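**Q** Pasting in a structure now, in structure tokens, and then I'll have a few things to ask.
The values are calculated or read from the model by the stated rules, or taken from the named source; none is laboratory data. Computed from a prediction, not measured in an experiment: that's the story for all the values here. Don't worry about glycine lacking a Cβ; one is built from the backbone with ideal geometry, like all the others, and counts go over all protein chains shown. To get the accessible areas, we keep the full protein, side chains included, count just its heavy atoms, and leave off ligands, DNA and RNA. Shrake-Rupley method; radii C 1.70, N 1.55, O 1.52, S 1.80 Å.
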Amino acid sequence: MNFLEEKILEDGKILNNEILKVDSFLNHQIDPKTIRETAKLMVSHFPKVDKILTIETSGIVIAYAVAELLGDIPVVFAKKSKSATNDYSNVYMTEVKSFTRNFVSTVTVDKRFIKENENILIVDDFLAEGNAAIGLIDLIRQGNANVVGVTAAIEKYFQGGHEKIEKMGIPVYCPASIKEFKDNKPVF
Ligand code: 5GP
């Protein structure tokens with residue numbers, strides 16, 4: 001069992017047999033050691049990358065740790081909400097259905113930050129049904145760049161995202177892969 005899996009067993013909470021709450025170490029309070037150990041595992045699977053793409057907010061901290069280990073490559077986070085400082089005439093845009101909240105949001109990346117033929121790795125905190133990752137794949141392809149792979153700290157394999165993305169011909173690796181929730185505990 002790796003460090004992240006141990007941490008999930010210690011501190012994770014399962015809600016409605018569907019959501020894993022990891023806000024004590026991953027997406028509210030952040031534990032640097034867990035982030036670092038998770039990032040090391042991700043990098044061992046995807047060593048050749050030019051840039052990281054994630055989605056705000058919870059993916060950013062892991063994406064940053066991965067980027068440092070890959071030699072300080074840039075991290076771009078796709079934006080979910082409109083901001084007065086953005087120029088919407090020059091963005092790639094897609095729609096993403098939220099897993100945890102019941103709505104679809106418009107997600108954008110400035111065209112300057114996805115360049116033709118760049119090798120881009122998608123990093124996130126969770127992979128569930130795959131909607132966030134598939135939205136990010138769409139943005140990368142709009143920019144004629146290459147998707148190296150998808151890596152999320154934790155995947156709930158039974159929710160289908162992993163298989164969907166692999167069927168698109170894209171490699172997927174998640175350091176903590178949950179096969180099922182059983183007796184209110186994750187089974188890896
Ligand atoms: P997907 O788009 O793959 O269905 O879901 C991935 C996104 O939903 C992630 O960016 C993550 O923020 C959120 N998410 C999905 N499942 C969980 C979960 O069990 N716990 C938490 N905290 N977030 C989740």
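**Q** Would you compute, from DSSP H runs of 4+ residues alone, the mean residue ellipticity of the chain at 222 nm, taking -39500 (n - 2.57) per run and dividing by the full residue count, rounded to the nearest 500? Please report the intermediate quantities before stating the final value.
**A** Details: 5 runs with 53 residues, N = 188.
When only DSSP H runs of four or more count, the value is -8500 deg cm²/dmol.
**Q** A further question follows. Which net charge results for the neighbourhood of Val150, defined as the other residues with beta-carbon distances under 11 angstrom from its beta-carbon, given Lys and Arg at +1 and Asp and Glu at -1?
**A** Working: positive: Lys164; negative: Asp124, Glu155, Glu166.
Around Val150, the surrounding residues sum to -2.
**Q** Still on this structure, please answer the following. Rounded to whole Å and sorted largest first, what semi-axes of the equivalent ellipsoid does the C-alpha gyration tensor of the stretch 41-179 yield via the square root of 5 times each eigenvalue?
**A** Working: eigenvalues 89, 67, 37 Å².
In descending order the semi-axes read 21, 18, 14 Å.
**Q** Right, another one. Given a 1.4 Å probe, how much area per residue of the chain is accessible, in Å²?
**A** On the way: 9620 Å² over 188 residues.
Accessible area per residue, the chain: 51 Å².
**Q** Using the Karplus equation 6.51 cos²θ - 1.76 cosθ + 1.60 (θ = phi - 60°), what ³J(HN,Hα) coupling, rounded to whole Hz, does each residue of the stretch 99-107 give in order, writing x for Gly and Pro?
**A** Rounded to whole hertz, the list is 6, 8, 10, 8, 8, 9, 10, 7, 10.
**Q** So who's got an amide H within less than 5 Å of the one on Leu127, skipping anything under 5 residues away but keeping other chains? H placed 1.01 Å off N, in plane.
**A** The list, which skips near neighbours in sequence, is Ile154, Glu155, Lys156.
**Q** How much of the accessible area of the chain, probe 1.4 Å, is carbon plus sulfur, in whole percent? List each step's numbers first, then the result.
**A** On the way: 4640 of 9620 Å².
Here carbon and sulfur together make up 48 percent of the probe-accessible area.
**Q** Based on DSSP, what percent of beta bridges with both residues in the stretch 41-179 are antiparallel, to the nearest 5? Working shown, then result.
**A** Details: 8 of 28 bridges.
Around 30 percent antiparallel, to the nearest 5.
**Q** If you fit an axis through the alpha-carbon atoms of helix 32-45 and take the longest principal axis of the Cα set of the chain, what angle between them do you get, 0 to 90°, nearest 10?
**A** 70
**Q** For the ranges 153-163, 53-63, what's the packing order if you count other beta-carbon atoms within 10 Å of each residue, average per peptide, and put the highest first?
**A** Those peptides, ordered most packed to least, come out 53-63, 153-163.
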